[in-house]
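The values are calculated or read from the model by the stated rules, or taken from the named source; none is laboratory data. Quick caveat: nothing in here was measured; it's all calculated off a predicted structure. Cβ coordinates were reconstructed from backbone atoms using ideal geometry, including for glycine residues, and neighbour counts include every protein chain displayed. Heads up: the accessible areas ignore ligands, DNA and RNA and are worked out on the full protein's heavy atoms, side chains in. Shrake-Rupley method; radii C 1.70, N 1.55, O 1.52, S 1.80 Å.
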Amino acid sequence: MAEIFAAPARYVQGPGVAATLGNEMTLLGLGGPVLVLAGASAVRQLGAIWEQSLETAGFAPAIHPFGGECSRREIAAVADVARRLSARTIVGAGGGKAIDTARAVAAELDLDIVSCPTIASTDAPTSAISVVYSDSGVVEEVRLHPQNPALVLVDTDVILAAPDRYLVAGMGDALSTWFEARACARSGATHSRGGTTTRAALALAELCWTTLRADGALALAAHRAGQLDGAGTLDAEARGAFARIVEANTLLSGLGFESAGLAAAHGIHNGLTVAPGCHAALHGEKVAFGTLAQLCLEDAPAGEIDEVLAFCRSVGLPVTLRQIGLGDIDGAMLRRIAERAVQVGEVTHNEPFPVTAGMVEEAIRQADAAGRGG
Ligand SMILES: [Zn+2]
């Protein structure tokens, strides 16, 4: 098995960088016509800026509103639009589902893909993966595409304007990265790009966790202060912490999970999706609880579990079943979650020891008890 590392060709992050879209595409040699697939709020916020930037750089842009779900129907509809336009590049902008749809269309039509996240709630923007849902919102398939985005453009002013719950959820998704990478390195698991981990991916994953501990609470305070008083009022320390967390949530976590691998934290997250009670919890919120459960499953040192608990509490990430909407869970539902978490092919099996449903059940109970302070 080869060691494989994959990444976007170029990552650009900073205040106001949405206006550089056209220039960045020229620099990379990407071609037009350009189809921009964007959620409604992204269009309101950035539509005019993108149009001007792309037109100034000589591209003919067309903005198409995202339908709201990354489903086979939406992918087919957007592919039709791209074909009619003879698009050569597709820009996916907004949350994860809009970007996933753009990525799936780009892979189907062999177009270049640019990803412009407007929230920092997951580590998906740098990846080559689309999670495809049914029209009613149930996961149907995970598509692994051959190419990462040519460009990931992250405007920190735009991220700052989004609700801080997204930034915190992104920290939850980023929290799992190091612990899952470490598990995969120990077991020699194959990651989604078809290889085992490099030392580079492990180092990025560990830096992700170091950054969360150093800057997480500061970045959240900066986000709140910036929303109240404007980004211009933040001092250099606050701006720096905020930027480092946006990078941790998006780039470090993205490269870490994709090129080192996922393990029980995401497997348990996937298990939790069978419980209707936690459908209102965001991906990263459930992953944070899944991380705590993974550490219990691994029988990690108490000091490490305490560090993760302290971090979660410092930014308001959930650490109990009640906090993810499962306060009144019964034994049967817990069993269903655990069974889903260990189904054949699930990333839970990337742990360096065999994992059974009974072990996951026990780990979830232990994590909840630790979170409640018991
Ligand atoms: Zn994730």
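Note on the range 164-371: with charges restricted to the Cβ of Lys and Arg (+1) and Asp and Glu (-1), its dipole about the Cα centre is near 280 debye.
Just checking the listed ones, V36, V152, V142: in the Gaussian network model of the chain with Cα springs under 10 Å, the one fluctuating most is V142. Could you check what % of the DSSP bridge pairs in the chain are antiparallel, to the nearest 5? So the antiparallel bridges amount to about 15 percent of the total. Bridges between two residues of the range 1-146, per DSSP, are antiparallel at a rate of about 25%.
Close amide H pairs (under 5 Å, H built 1.01 Å from N) link G95 with G39, T118, residues at least 5 positions away or on another chain.
Using Cβ point charges alone (K and R +1, D and E -1), the dipole size of the chain about the Cα centre works out to roughly 320 debye. Between Q343 and A19, residue separation times 0.36 nm minus the direct Cα-Cα distance comes to 112.1 nm. Looking only at D330, D157, D80, which one moves most when the chain is put into a Gaussian network model with springs between Cα atoms under 10 Å? It is D330.
Annotation: peptides 256-262, 108-114, 316-322, ranked by per-residue average of other Cβ atoms within 10 Å with the highest first, follow the order 256-262, 316-322, 108-114.
Once you have a ≥ b ≥ c as the square roots of the Cα gyration tensor eigenvalues for the range 83-232, tell me rounded if a/c is under 1.5, and otherwise prolate or oblate according to whether a/b is larger than b/c. It comes out oblate by the Cα gyration axes. For the range 6-157, the convex hull spanned by the alpha carbon atoms encloses 95 Å³ per residue.
Summarising the amide proton neighbourhood of E140: residues at separation of 5 or more, or on other chains, whose placed amide H is nearer than 5 Å comprise V132, Y133, S134. In this structure, the amide hydrogen of Y11, modeled 1.01 Å from its nitrogen in the peptide plane, lies closer than 5 angstrom to those of V152, counting only residues at least 5 positions away or on a different chain.
Surface composition of the range 190-230: carbon plus sulfur atoms hold 57% of the accessible area, using a 1.4 angstrom probe and ignoring ligands, DNA and RNA.
Taking the range 11-42 and a reference point 7 angstrom along Cα→Cβ of Q227, the backbone N atoms nearer than 19 Å belong to 15-16, 40-42.
The Rg/Rh ratio for the range 164-371, using Cα coordinates for both the radius of gyration and the Kirkwood hydrodynamic radius, is 0.98. Put +1 on the Cβ of every Lys and Arg and -1 on every Asp and Glu Cβ in the range 164-371; which of S253, A300, A338 then has its Cα farthest towards the positive end of the dipole? Positive-most Cα among the choices belongs to S253.
Applied to the range 162-174, the Karplus parametrisation 6.51 cos²θ - 1.76 cosθ + 1.60 on θ = phi - 60° returns per-residue 3J(HN,Hα) values of 7, x, 5, 4, 5, 4, 5, 4, x, 5, x, 5, 6 Hz, with x for Gly and Pro. If only the Cβ of Lys and Arg carry +1 and only the Cβ of Asp and Glu carry -1, the dipole of the range 214-264 around its Cα centre is close to 60 debye. Based on the Kirkwood approach, the hydrodynamic radius assigned to the chain is 20.8 Å, with every pair of different Cα atoms included.
Averaged per residue, what accessible surface does the chain expose to a 1.4 Å probe, in Å²?
40 Å²
Annotation for the range 101-166 versus the range 221-290: alpha-carbon center distance of 15 Å.
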